[in-house]
Amino acid sequence: MLDQQRILRTPVPGPRSRELQARKASAVAAGVGTTLPVYVTQGAGGILVDVDGNQLIDLGSGIAVTTVGNGNPRVVEAVTEQVRRFTHTCFMVTPYEPYLEVCEKLNALTPGEHEKRSALFNSGAEAVENAVKVARHATGRPAVVVFEHAYHGRTNLTMGMTAKAMPYKHRFGPFAPEVYRVPMAYPYRWPGGPERCAEEALAVVTDLIHTQVGEENTAAVVIEPIQGEGGFVVPPEGFLPGLAAWCREHGVVLVADEVQSGFCRTGDWFACDHEGVVPDLVTTAKGIAGGMPLAAVTGRAELMDAVHGGGLGGTYGGNPVACAAALASIETMEADGLPTRARRLGAVLEERLTGLAARFPQVGDVRGRGAMMAMELVVDRETKEPDPALTAAVNRGCHERGVVTLTCGTYGNVFRFLPPLTIGEDLLHEAMDVLEESFAAAVG
């Protein structure tokens with residue numbers, strides 16, 4: 001096991017990382033950005049090691065991917081064994097049992113006791129796009145409703161479903177038609193205040209669909225139960241159940257995009273579980289397979305089976321090596337009680353971030369659930385003007401001090417915390433100490 005401590009041997013990034021970054025400029029397309037240009041050689045638990053020998057505390061998990069930790073022993077063993085057997089046949093040509101086993105696990109674990117089917121893909125964007133295909137095919141309707149601050153991917157359809165223009169959509173249009181955007185139930189920024197957010201937002205959303213789209217034209221409403229890239233927006237209690245009830249009433253397919261929030265991240269297996277919401281379709285990826293590329297659509301059998309044979313799939317979707325990793329990851333989550341672990345880490349994060357809010361008036365909001373926590377920075381708590389400049393400065397300070405932090409939000413003013421669920425609490429507290437130190441330095 002890699003020594004679980006932060007060690008800085010050089011400035012961050014160090015000389016070897018800077019050399020590699022120079023090589024990147026002449027080899028990799030400029031459009032492929034990098035948050036922190038340190039080049040990693042090893043990772044385990046809550047630590048990443050770079051080419052200069054620095055050991056960095058990881059609070060991002062590769063954007064919610066390494067939930068069970070880098071180099072998880074079960075995942076390593078399963079992947080190694082599968083590579084020895086075979087690496088690829090294409091499930092649509094000659095199938096294999098691990099694909100079935102992953103689908104069976106997904107059908108059992110996702111919300112609801114109804115009969116389900118699953119299909120496997122490579123990325124979250126692929127999963128969302130295929131969920132829309134299923135919803136449109138099953139209902140015969142064209143329209144898809146999405147939300148402000150949403151992020152669903154980088155394909156043409158999912159770019160259109162994603163809210164933020166820069167960097168995700170800028171000059172990449174035209175986008176797919178029949179995508180309609182409605183306000184998100186964002187308690188911190190809801191004009192009527194957080195107490196009225198659920199009721200008012202639901203009324204606004206359903207009225208807009210009724211007047212501008214038409215229920216009879218709407219195939220699906222697609223929502224992240226906790227928004228990811230858009231700022232870790234947690235809808236108020238009652239909004240998601242109300243939305244689900246409205247969808248049922250009008251025969252609209254409710255798609256829960258659990259790509260970032262799924263697989264124990266929020267303290268439940270899925271974020272929908274918190275209020276007992278049962279979506280018609282669920283998309284998953286990221287934490288599903290311990291770092292291997294895998295994604296899925298899981299949903300009601302009558303919807304999933306409505307699509308004609310050959311209508312879903314892809315050459316690499318449900319690759320056997322990725323399936324082996326997923327089965328080992330799910331086994332780890334079950335055996336090690338990772339939902340409970342996420343709640344414990346979330347309690348630590350919430351306590352420390354609330355402490356920061358008490359010290360620094362620039363912290364406008366602390367929110368999240370489980371090990372999916374965030375703080376939003378503002379110029380002034382009264383006006384709630386976003387402060388992306390301070391956010392960037394604090395983020396830079398964390399990086400220089402050896403902590404991998406991530407930002408997000410429509411305005412670029414939200415810190416998001418997604419530690420591996422295998423991180424030690426002492427290491428997490430140390431990372432929070434670094435965050436506080438960086439904050440103090442940035443505000444002077």
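The values are calculated or read from the model by the stated rules, or taken from the named source; none is laboratory data. Being a predicted model, the structure only gives us computed values, none of them experimental. Glycine also receives a Cβ, built like all others from the backbone with ideal geometry; neighbour counts cover every protein chain displayed.
Quick notes on this one:
- Residues in the stretch 302-323 that are touching a strand residue (DSSP E or B) at 6+ places or on another chain (Cβ under 8 Å), at negative phi and outside any helix (DSSP H, G or I): ASP305, LEU312, GLY317.
- Whichever residue in the stretch 173-214 is of a type in the set (D, E, K, R) and either touching a residue at least 12 places away in the same chain (Cβ under 8 Å) or in a loop (DSSP other than H, G, I, E, B) (or both) and, among such residues, is nearest to PHE239 (Cα to Cα): GLU199
- Scanning the stretch 55-93 for residues that are in a helix (DSSP H, G or I), exposed (fewer than 15 other Cβ atoms within 10 Å of the Cβ) and not acidic (Asp, Glu) yields PRO73, VAL76, THR80, VAL83, ARG84, ARG85.
- Positions within the stretch 131-147 being under 27 Å from GLU229 (Cα atoms) and surrounded by fewer than 19 Cβ atoms within 10 Å (Cβ to Cβ), in sequence order: LYS133, ARG136, PRO142
- Conditions (1) crowded, with 21+ Cβ neighbours inside 10 Å; (2) over 23 Å from MET184 (Cα atoms); (3) of a type in the set (A, V, I, L, M); number of the one not met by MET161: (2)
- The residues of the stretch 251-301 that are outside any loop (DSSP other than H, G, I, E, B), in contact with a His (Cβ under 9 Å, 6 or more places away or on another chain) and surrounded by fewer than 23 Cβ atoms within 10 Å (Cβ to Cβ), listed by number, are ARG300, ALA301.
- Residue match in the stretch 138-158 (condition: more than 19 Å from ASP257 (Cα to Cα), touching a strand residue (DSSP E or B) at 6+ places or on another chain (Cβ under 6 Å), modelled with pLDDT of 95 or more and in a loop (DSSP other than H, G, I, E, B)): yes
- Residues considered: ARG359, ARG352. Of these, the only one that is in contact (Cβ under 8 Å) with a residue 60 or more places away in the chain, surrounded by fewer than 17 Cβ atoms within 10 Å (Cβ to Cβ) and either over 30 Å from VAL76 (Cβ atoms) or touching an Asp or Glu at 6+ places or on another chain (Cβ under 9 Å) (or both) is ARG359.
- Residues located in the stretch 177-207, provided they are farther than 13 Å from GLU148 by Cβ and of a type in the set (D, E, K, R): GLU178, GLU195, ARG196, GLU199, GLU200, ASP207
- Pairs meeting the criteria (first residue in the stretch 107-130 and part of a loop (DSSP other than H, G, I, E, B) and surrounded by 24 or more Cβ atoms within 10 Å (Cβ to Cβ), second residue modelled with pLDDT of 95 or more and polar (S, T, N, Q), beta carbons under 7 Å, at least 6 apart or on different chains) are THR110/THR298.
- Taking the criterion of being in contact (Cβ under 8 Å) with a residue 40 or more places away in the chain, surrounded by 15 or more Cβ atoms within 10 Å (Cβ to Cβ) and more than 27 Å from PRO167 (Cβ to Cβ), the residues of the stretch 15-52 that qualify are ALA44, GLY45, GLY46, ILE47, VAL49, ASP52.
- Residue pairs whose Cβ atoms lie under 9 Å apart, sitting 6 or more positions apart in sequence or on different chains, and linking a residue in the stretch 215-231 that is part of a strand (DSSP E or B) to a partner that is polar (S, T, N, Q), are THR218/THR139; ALA219/THR139; ALA220/THR139; VAL222/THR283.
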